[in-house]
Amino acid sequence: MMKGKTALVTGASRGIGRAIALALAKEGMNLAVVYAGNAAAAQETVQSICALGVEAKAYACDVADYDAVGALCKQVVADLGPIYALVNNAGITRDRLAAQLRQEDFDAVINVNLKGAFHFIRHTYSGFLRQREGRILNITSVVGLSGNAGQANYAASKAGLIGLTKSVAKELAPRGITVNAIAPGFIDTDMTRQMPQAARDALTARIPLGRLGLAQDVADLAAFLCSERASYITGAVLPVDGGLAM
Ligand code: NAP
């Protein structure tokens, strides 16, 4: 049962992470809302969650900072109890053709998107082992499977997340902990709203279902994967992309 258990969602102040946090709260989970710097948005998420009658707290933390993530995980357990569901969703883009990609843009994207997930897994691992139950969910991307011109850094980070997911899934399966990845296509959030309208239109034309996804489309699958009903699914990479990757 998810009810009364704690979920930690990174990047939960906005977009897909906020929708996932709310979906888990609707299942009765208490929420640790992790964000980078947008305190107002994080507080809005917390208020919406608390209105559902569960507990929620916002935590500012750069997921790229190994030690800060360690301290945060301890604080969350002290505040809200053991972490049953970990959702590594925080992510950034620094798009440029590989020929112009600066080393710091490559590193920043890897440090947040890939190492950030590792930091949380590393600092919650022994807790999961002790509990002998739980869910880890990593938010990758269709471009981690297909690559994308102008996103070498981002696609590499998302492909890396798939290797991380499958490796940790194999390690934790004997303890009954599942580890899965969701690969969203193009979802209508701040991240994709940065794109010029012409690029958004061209993209939409390539999506078999004919529209950008909603954060809720991803959140519905996330809530299912964190539930009891998904106890026989692990190491999976599930697209939510309107058919884009087929
Ligand atoms: P978004 O709207 O840009 O929101 C990003 C979230 O990540 C915010 O909550 C932000 O916190 C947080 N964040 C960013 N850097 C962080 C850091 N260093 N430490 C802690 N938190 C950090 O993004 P989104 O579109 O919802 O995307 C969420 C995830 O889905 C990302 O991993 C993204 O790569 C993936 N994804 C998105 C799409 C899409 O089309 N949107 C498609 C495929 C995959 P603040 O609010 O404090 O800045």
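Looking across region 200-230, just one residue is hydroxyl-bearing (S, T, Y) and either in contact with a strand residue (DSSP E or B) (Cβ under 7 Å, 6 or more places away or on another chain) or within 15 Å of the ligand (Cβ to nearest atom) (or both), and that is T204. Within region 11-36, which residues are within 16 Å of the ligand (Cβ to nearest atom) and outside any helix (DSSP H, G or I)? Of everything in region 11-36, those that are within 16 Å of the ligand (Cβ to nearest atom) and outside any helix (DSSP H, G or I) turn out to be G11, A12, S13, R14, L31, A32, V33, V34, Y35, A36.
Applying the criterion of being of a type in the set (K, R) and either within 19 Å of A78 (Cβ to Cβ) or touching a helix residue (DSSP H, G or I) at 6+ places or on another chain (Cβ under 7 Å) (or both) to the residues of region 12-28, the residue that is surrounded by the most Cβ atoms within 10 Å (Cβ to Cβ) is R18. Checking the condition touching a Lys or Arg at 6+ places or on another chain (Cβ under 9 Å), of a type in the set (V, I, T) and assigned to a helix (DSSP H, G or I), which residue from V168, V76 passes? Result: V76 is the single residue among V168, V76 that is touching a Lys or Arg at 6+ places or on another chain (Cβ under 9 Å), of a type in the set (V, I, T) and assigned to a helix (DSSP H, G or I). Report, by residue number, each residue of region 102-133 that is more than 10 Å from the ligand (Cβ to nearest atom), within 18 Å of G160 (Cα to Cα) and of a type in the set (S, T, N, Q). Within region 102-133, just Q103 meets the criteria. From the list L31, L52, the one residue that fits, being surrounded by fewer than 24 Cβ atoms within 10 Å (Cβ to Cβ) and aliphatic (A, V, I, L, M), is L52. Out of A36, A117, A12, A99, one residue alone is closer than 27 Å to Y154 by Cα and without any contact (Cβ under 8 Å) to a residue 40 or more places away in the chain. It is A99.
Among the residues of region 56-91, those that are of a type in the set (A, V, I, L, M, F, W, C), free of Cβ contacts under 8 Å to residues at least 24 places away in the same chain and closer than 17 Å to K115 by Cα comprise A68, A71. The single condition among (1) in a helix (DSSP H, G or I); (2) under 19 Å from G127 (Cα atoms) that L8 does not meet is (1). On the stretch given as region 217-244, residues that are over 22 Å from M1 (Cβ atoms) and exposed (fewer than 15 other Cβ atoms within 10 Å of the Cβ) total 1.
In region 157-165, is there at least one residue being crowded, with 24+ Cβ neighbours inside 10 Å, within 14 Å of the ligand (Cβ to nearest atom) and among the basic types (K, R)? Yes, there is a match, as at least one residue in region 157-165 is crowded, with 24+ Cβ neighbours inside 10 Å, within 14 Å of the ligand (Cβ to nearest atom) and among the basic types (K, R).
Criterion first (in a helix (DSSP H, G or I) and at negative phi) does A183 satisfy it? No; evaluated as a whole, the condition is false for this residue. Scanning region 44-62 for residues being of a type outside the set (F, W, Y), out of contact with any Lys or Arg (no Cβ under 8 Å at 6 or more places or on another chain) and not in a helix (DSSP H, G or I) gives a total of 10. Here A99, A39, A71 are screened, and the one residue that is near the ligand (Cβ under 9 Å from one of its atoms), surrounded by fewer than 21 Cβ atoms within 10 Å (Cβ to Cβ) and over 23 Å from M1 (Cα atoms) is A39.
All of the numbers you see were taken from the coordinates with simple rules; none came from a lab. A quick note: this is a predicted structure, and the numbers were derived from the prediction, not measured. Neighbour counts are summed over all protein chains in view; Cβ atoms, including those assigned to glycine, are modelled from backbone coordinates with ideal geometry.
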